[in-house]
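Structure record follows, encoded as structure tokens.
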């Protein structure tokens, strides 16, 4: 290795270790061992411009091993991004731009929030899918690569295998994973629990696989170049053999280097070995060395801009589409209508709406975890996305719910698409971690979960969600919308298309009554009277399939001279309680009841004292029989309400 290269590796290591030491918290082992991988990426392989961190045709870099966050912050600082030495010195401190694990756009150059191992890997597959489709549409102005630095822990997580399997099947040839294989995890050697042939596994997935000495950046760079020369079609896994905590004295190669500061004695030894005399020192020759690379990258960026300007003039139609996709624009949408009194499952209503939106919004893309016919999430007249049909808009994730979640997040983060993923509501458990991250990052995407509640029927309690709606509502910032009919589905989609953040749609399997006064307006998703009655004795609050049930029960109560108001609450949102709280009648003489075929534990936060819900798992049998078994028919609900009213009167 050349002297400047060696000095830069030492600079990367000492800065990263200094950050962890000052914070008295963090993971120094990976940055020290993987410094050559990061150098190869930032100095030799990646296409980017630190002055335009959101440049559309930049390469995407994902540090899937997010616990090594000190490494990415160091690299961004050395390679010209808007990162200061003060930012590095405030590593892991409250309010700093350098949190303990990378958070989306905590700093320019951080493409996704990572830390839960495997999440970044699956995000990168989504980014590579987005690039493959866009490059097939927009040719040479969109041709970039997706890079991942992954750890042994990433390879152990099931989500990585799910995502890697799909990536190989789709031949995402511009995705490259540098695997920092140091055989150490928190508990010690990985052979305590991990002995699989990772390279063999990835070969079986359809990946190109090579193995190199991870201590030498030149060998890493050469291995990547050879990979593209030999096999441009397949995703690439370069296994880089490294030593955790490289140059960290007696902690090198040991679990002790993984997740704790190295200690002042080791830091002093490293400074002396590397020729540093003070903390957080940066050698001028290193800055000059990285500045040379930055200048080259900026020149490449200018050449791309010239090419882009020429392309715009030569391809006005494609440029219009390009702007439409990147700027989230869409044509006027003519949403479908429903006849009052008719019945239709909201999953079917949703499917009709999706097919209307897709014609007006070319950035809409998505699919299901092998349930599209049931979820009603297929685009009519569109091809399936595949290695051979990269412009297809129907995605097939296979039975990989967790990976689907990570991949959809990655597509949203990449830009150019409004992606969605779909499955049965009960299987949202498999992808909860991805849902949480989508909310944390405020990714603009859509989750479509069908077959809600016990009314699923014959598939039984394993497939009947009971606690799932409340569990999703508890994720901060996640908008969970459960429409009562087709009109409310329209309102939900209108809201989702204009919301900067993820939205969950909860949809029914069974047919629901199209209500007389249901709203198509997104402003009403947090609650509105669907059956208004002045001076009511009783207020009923419900979502989804239980709204019609409440309306039907109110008809029976009228026979007993009770006045009933029914409030539909498509989105019971703990973060935006004002609308619903404003609708709750404050008169203590008015009985307030929430009706929901689930645990329904959150309605009490809004001043609704009485809850008719389900606090047990379902049963196997026809949906109508199960509804009666659990007391969820209009007649049974009305009897419960009459009992409440009589008890109140007494």
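For a modelled paramagnetic label at residue 590, 7 Å from Cα along Cα-to-Cβ, the residues of segment 518-539 in reach, with backbone nitrogen under 13 Å, are 528-539.
Which distance in Å, rounded to a whole number, links the C-alpha centroids of segment 140-173 and segment 102-137? Spelled out, the Cα-based centre of one part sits 10 Å from the other. As an equivalent ellipsoid, segment 378-499 spans semi-axes of 23, 18, 16 angstrom, where each value is the square root of five times an eigenvalue of the C-alpha gyration tensor, largest first. According to the calculation over all Cα-Cα pairs in segment 9-90, the P(r) per 5 Å bin from zero is 3, 15, 27, 25, 18, 8, 3, 0 %. Once the Cβ-Cβ distance of residue 624 and residue 523 is raised to the sixth power relative to R0 = 22 Å, the FRET efficiency obtained is 0.05. Distance from a point 7 Å along Cα→Cβ of residue 52 to each backbone N in segment 322-347: keep the residues under 16 Å and list them by number. Taking a point 7 Å out along Cα→Cβ of residue 52, the residues of segment 322-347 whose backbone N falls under 16 Å are 323, 326-327. So what does the Cα-only Debye profile of segment 288-332 read at q = 0.14, 0.18, 0.25 Å⁻¹, as log10 I(q)/I(0), no solvent term? Summing over Cα pairs of segment 288-332 leads to -0.52, -0.67, -0.85. Using only the C-alpha atoms, the convex hull of segment 254-347 corresponds to 296 Å³ per residue.
Computed from the Cβ-Cβ distance with R0 of 41 Å, the FRET efficiency linking residue 609 to residue 384 stands at 0.20. Against the empirical curve 2.2 N^0.38 Å, the C-alpha radius of gyration of segment 298-424 lands at a ratio of 1.27.
Taking other C-beta atoms within 10 Å as the exposure proxy, 444, 520 rank 520, 444 from fewest upward. Roughly what % antiparallel, to the nearest 5, for the DSSP beta bridges in the chain? Percent antiparallel among DSSP bridges in the chain is about 10. Between residue 277 and residue 467, the contour length at 0.36 nm per residue exceeds the Cα-Cα span by 62.5 nm.
How many percent of the alpha carbon pairs in segment 155-304 exceed a separation of 18 Å? Cα-Cα pairs in segment 155-304 separated by more than 18 Å: 70 percent. Taking 0.36 nm per residue of separation and subtracting the current Cα-Cα distance, fully stretching the chain between residue 194 and residue 306 would add 35.3 nm.
Here the mean projected area of the convex hull built on the C-alpha positions of segment 464-543 is 6.5 nm². I'd like the distance separating the alpha-carbon centroids of segment 506-542 and segment 187-221, in whole Å. The distance from the Cα centre of segment 506-542 to that of segment 187-221 comes to 55 Å. Spin-label pair residue 617-residue 647: with each label point 7 Å from Cα along the Cα-Cβ axis, the two points sit 2.9 nm from one another.
As a rough footprinting exposure proxy, the listed residues 145, 586, 347, 271 were ranked by other beta carbons within 10 Å of their own, and the order from fewest upward is 586, 271, 145, 347.
Between residue 299 and residue 2, the FRET efficiency from the beta-carbon distance, with R0 = 22 Å, is close to 0.50.
Hey, for a label at residue 86 modelled as a point 7 Å past Cα toward Cβ, could you say which residues of segment 21-38 have their backbone N under 20 Å away? Hits in segment 21-38 for residue 86 at 20 Å: 22-23. Computed over all pairs of different Cα atoms, the Kirkwood value for the hydrodynamic radius of segment 508-650 is 15.5 Å. What base-10 log of the normalised intensity I(q)/I(0) is obtained for segment 312-352 from the Debye formula, alpha carbons as equal point scatterers, at q = 0.35 Å⁻¹? Rounded to two decimals, the profile gives -1.13. Evaluating kT/(6 pi eta Rh) at 25 °C and 0.890 mPa s, with the Kirkwood radius of segment 36-127 over Cα pairs in the Stokes-Einstein relation, gives 185 µm² s⁻¹.
For residue 500 and residue 458, the difference between the fully extended length at 0.36 nm per residue and the C-alpha to C-alpha distance is 11.3 nm. Return the inverse of the average 1/r over all pairs of distinct C-alpha atoms in segment 227-283, which is the Kirkwood hydrodynamic radius, in Å to one decimal. Every distinct Cα pair counted, the radius reaches 14.1 Å. Using a 10 Å cut-off around each Cβ, can you sort 646, 287 from fewest to most neighbouring Cβ atoms? Going from sparsest to densest Cβ surroundings: 646, 287. Distance from the Cα centroid of segment 265-295 to that of segment 223-250 is 25 Å (rounded to whole angstrom). Taking every DSSP helix (H) stretch of at least 4 residues in the chain, weighting each as -39,500 (n - 2.57) and dividing the sum by the residue count yields a mean residue ellipticity at 222 nm of -12500 deg cm²/dmol.
Read-outs: derived from the displayed coordinates by stated rules, not from any lab. What you are looking at is a predicted structure, and each value in this text was computed from that prediction instead of being measured. Neighbour counts are summed over all protein chains in view; Cβ atoms, including those assigned to glycine, are modelled from backbone coordinates with ideal geometry.
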